[in-house]
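Enquirer: Take a look at the following structure, please.
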Protein chains: 2
Amino acid sequence: MKKLLLLAAPLLLAQAPPPAEPPVYNAADKIIAEAPQTHWLTIDPDDIMVMETAAGRMVIQLAPAFAPAHVAAIKQLVRRGEFDDGRIVRVQDNYVVQWTARPDPSKPKPTPLPAEYERPLAGLAFTPSPYKDTYAEAGWVSGWQAARDTSTGTAWLAHCYGTVGVGRDNPPDTGDGAELYTVIGHGPRHLDRNIANVGRVLAGIEPHAALPRGTEELGFYKDDAQRTKITRVRLASQIPGFPKWQMMDTASPSFAAVSHARANRIGFFPRPAGAADLCTLRVPVREAK
Amino acid sequence: MKKLLLLAAPLLLAQAPPPAEPPVYNAADKIIAEAPQTHWLTIDPDDIMVMETAAGRMVIQLAPAFAPAHVAAIKQLVRRGEFDDGRIVRVQDNYVVQWTARPDPSKPKPTPLPAEYERPLAGLAFTPSPYKDTYAEAGWVSGWQAARDTSTGTAWLAHCYGTVGVGRDNPPDTGDGAELYTVIGHGPRHLDRNIANVGRVLAGIEPHAALPRGTEELGFYKDDAQRTKITRVRLASQIPGFPKWQMMDTASPSFAAVSHARANRIGFFPRPAGAADLCTLRVPVREAK
């Protein structure tokens, strides 16, 4: 069964003959499994945020290289325990799950952060994607889906499924890191360079993407009873024995091979696409062996 | 509140001053609301499939112009009531919700259908997208997101959020229409021309996209207790008083204006993208006024 991507349900399959030569269409999985350790980068546990909610655990990697002030502010909120007893306040279909730190009206509103929507390209090892991109020059930077503009000399993280960003009000500098979202739909790349993109989900997005959609405008929940409670958020560095996580080095031959395999799927696919868009070419991540 | 796309939660916003001039960033919504009746196409109620499940109602538009044999087979199954008491058997995160007609082991397996994965471009009014596409020449055909290859003279429907396709086994001609799926993640365009794309969800995808993800390989559910029951499936033409549905004519100036507005969002967006990918440029649909 495992070779079938969109296979018929088991019962209807009962009479189908087994293929003579099982096609290895999951070539990308094989490459990932066999990639040498040197093609993996270990993620700093101080850049991993572990969020426990009533729906499950979500493990998030932060991206200080792209939004240093936002990431520093988020880490401070985490260390102060301000996300504990927070809430998932919004689930909009084909768009985002959004959550906030514990509201405390007696506290002064945190200082808004600078609009870290892009950064200098200088100093980054940018691996361009071989495929056309609708929005920009797409590629990867040290394990992240990104894009660049060589004419302005800037780079930024791309908005794809599982990307984590910072909610803000209309003025560009009004985000404070206490309200975050992750993408649960088609990659909204039009948000690129319009909002602070601070990380991505490494694991545990599934039960959160499956939360009931909010009934109010933009998918907000109507009242607190509908919101999912956040019980505790910590950095992995604060949790003794928390597993180490790794991401594939996007400058490695293994990652190039994975991307090529995903752009040229075989077996189930009589006509390989010969290309794949940036959001489809996700970076493999894993708990370290 | 309605002007804010990724706004802060109400409580945290309490101290924010109202903007002096509310930006009209939802220009696309305004164009849709004001589009003349002549820019809308009424959908044949015989091409609308109304699926009632334990999670809610999903309204699906079928595309006989692209997969005539599959659509005819699906309509026959619907008219025979064979989807009644069917099951949602698979929910895979960032990929698909998949369901089947009522299994009946005593019945002969339906005849597999031809591989209707593309069709002649001739006879179609193809409106090309002005923006680059990773996979092909993207555009629209009479209200559908599509792509074409002028060198082979073929066109096909694109796989985007809400697209409905026909599950099949590994050989390309093994789908029979009794097992369908809809996309609930980033548009898997690599499926284009690899599977029969037979329609799209007009309404009601939300509670189905929010179903628990299946725990088995590829997101299949483990046992029947986990599956969502399909209570009844009918064509809209079989349901007295069912509302008429319309789709925007993708050859109309209104649709071009909607696409342009979506590619050049303002208000919340300090840096409009200047482009939008095919799956982002969804075709407006509505219950007829």
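The values are calculated or read from the model by the stated rules, or taken from the named source; none is laboratory data. Just so it is clear, the model here is predicted, and its values are computed rather than measured. Neighbour counts are summed over all protein chains in view; Cβ atoms, including those assigned to glycine, are modelled from backbone coordinates with ideal geometry.
Enquirer: I'd like to verify a number: residues in the range B:224-240 that are crowded, with 19+ Cβ neighbours inside 10 Å, closer than 19 Å to B:P212 by Cβ and out of contact with any Ser or Thr (no Cβ under 8 Å at 6 or more places or on another chain), how many?
Expert: Going through the range B:224-240 one residue at a time, the tally reaches 1.
Enquirer: Is it the case that the range A:239-246 has a residue that's over 19 Å from the mean Cα position of the chain (by Cα) and of a type in the set (G, A, S)?
Expert: For the range A:239-246, residues over 19 Å from the mean Cα position of the chain (by Cα) and of a type in the set (G, A, S): present.
Enquirer: If I go through the range A:269-285 residue by residue, how many of them are out of contact with any helix residue (DSSP H, G or I) (no Cβ under 9 Å at 6 or more places or on another chain) and facing another protein chain (nearest Cβ under 7 Å)?
Expert: Matching residues across the range A:269-285 total 2.
Enquirer: Taking the range B:47-70 on its own, how many of its residues are over 22 Å from B:I184 (Cβ atoms) and either of a type in the set (A, V, I, L, M) or part of a loop (DSSP other than H, G, I, E, B) (or both)?
Expert: Within the range B:47-70, residues that are over 22 Å from B:I184 (Cβ atoms) and either of a type in the set (A, V, I, L, M) or part of a loop (DSSP other than H, G, I, E, B) (or both) number 3.
Enquirer: Still on this structure: Is it the case, given these coordinates, that A:P171 is free of Cβ contacts under 8 Å to residues at least 12 places away in the same chain and either in contact with a Pro (Cβ under 9 Å, 6 or more places away or on another chain) or at the interface with chain B (Cβ under 9 Å from one of its Cβ atoms) (or both)?
Expert: Taking the combined requirement at face value, the residue satisfies it.
Enquirer: Applying the selection to the range B:120-147, what residues are crowded, with 21+ Cβ neighbours inside 10 Å and away from chain A (no Cβ under 14 Å)?
Expert: Matches in the range B:120-147: B:W140, B:V141, B:G143, B:W144, B:A146.
Enquirer: Could you look through the range B:244-289, keep only residues that are of a type in the set (S, T, N, Q) and in a loop (DSSP other than H, G, I, E, B), and pick out the one that is nearest to A:N194 (Cα to Cα)?
Expert: B:N264
Enquirer: Can you spot a residue in the range A:133-142 that is under 16 Å from the mean Cα position of the chain (by Cα) and either over 21 Å from A:A273 (Cα atoms) or basic (K, R) (or both)?
Expert: Yes, the conditions are met somewhere in the range A:133-142.
Enquirer: Would you check if A:G123 is part of a loop (DSSP other than H, G, I, E, B), touching a Gly at 6+ places or on another chain (Cβ under 8 Å) and farther than 30 Å from A:G274 by Cβ?
Expert: So A:G123 does not fit the description; no.
Enquirer: Failed condition for B:L157, given (1) more than 7 Å from chain A (Cβ to nearest Cβ); (2) surrounded by fewer than 21 Cβ atoms within 10 Å (Cβ to Cβ); (3) modelled with pLDDT of 95 or more, with all others met?
Expert: Answer for B:L157: the failing condition is (2).
Enquirer: Somewhere in the range A:112-119, is a residue part of a strand (DSSP E or B) and over 22 Å from A:P243 (Cα atoms)?
Expert: yes
Enquirer: Also: Give just the number: which of (1) under 24 Å from B:P212 (Cβ atoms); (2) at pLDDT 70 or above does A:A8 not satisfy?
Expert: Among (1) under 24 Å from B:P212 (Cβ atoms); (2) at pLDDT 70 or above, A:A8 violates only (2).
Enquirer: Further question on the same structure: B:R200 is checked against (1) of a type outside the set (V, I, T); (2) surrounded by fewer than 24 Cβ atoms within 10 Å (Cβ to Cβ); (3) more than 7 Å from chain A (Cβ to nearest Cβ) and fails just one. What number does that condition carry?
Expert: (2)
Enquirer: Spot the failing condition for A:L41; the list is (1) crowded, with 20+ Cβ neighbours inside 10 Å; (2) aliphatic (A, V, I, L, M); (3) at pLDDT 95 or above, and only one is missed.
Expert: (1)
Enquirer: Quick one: count up the residues across the range B:82-100 that are of a type outside the set (D, E, K, R), surrounded by fewer than 24 Cβ atoms within 10 Å (Cβ to Cβ), part of a loop (DSSP other than H, G, I, E, B) and more than 7 Å from chain A (Cβ to nearest Cβ).
Expert: Qualifying residue count, the range B:82-100: 1.
Enquirer: May I pose another question? Checking B:R234 against (1) part of a helix (DSSP H, G or I); (2) under 22 Å from B:W99 (Cβ atoms), only one condition comes out false. Which one?
Expert: (1)
Enquirer: Also, I was wondering about something else. Given A:L211, A:L202, A:L191, which one is more than 28 Å from A:E287 (Cβ to Cβ) and hydrophobic (A, V, I, L, M, F, W, C)?
Expert: A:L191
Enquirer: Looking at A:D93, A:D84, A:D133 in this structure, which one is modelled with pLDDT of 95 or more, acidic (D, E) and over 21 Å from A:C160 (Cα atoms)?
Expert: A:D84
Enquirer: Would you please name the residue that is nearest to A:A209 (Cα to Cα), looking only at residues in the range A:101-117 that are facing another protein chain (nearest Cβ under 8 Å) and free of Cβ contacts under 8 Å to residues at least 40 places away in the same chain?
Expert: Per the criteria, the residue is A:P103.
Enquirer: Within the bounds of the range A:212-231, is there any residue that is under 30 Å from A:T42 (Cα atoms) and more than 10 Å from chain B (Cβ to nearest Cβ)?
Expert: yes
Enquirer: Which condition number does A:D29 fail, the rest of (1) modelled with pLDDT under 95; (2) more than 14 Å from chain B (Cβ to nearest Cβ); (3) within 21 Å of the chain's Cα centre (by Cα) being met?
Expert: (2)
Enquirer: Within the range A:167-190, how many residues are in contact with a Phe, Trp or Tyr (Cβ under 8 Å, 6 or more places away or on another chain) and not in a loop (DSSP other than H, G, I, E, B)?
Expert: 6
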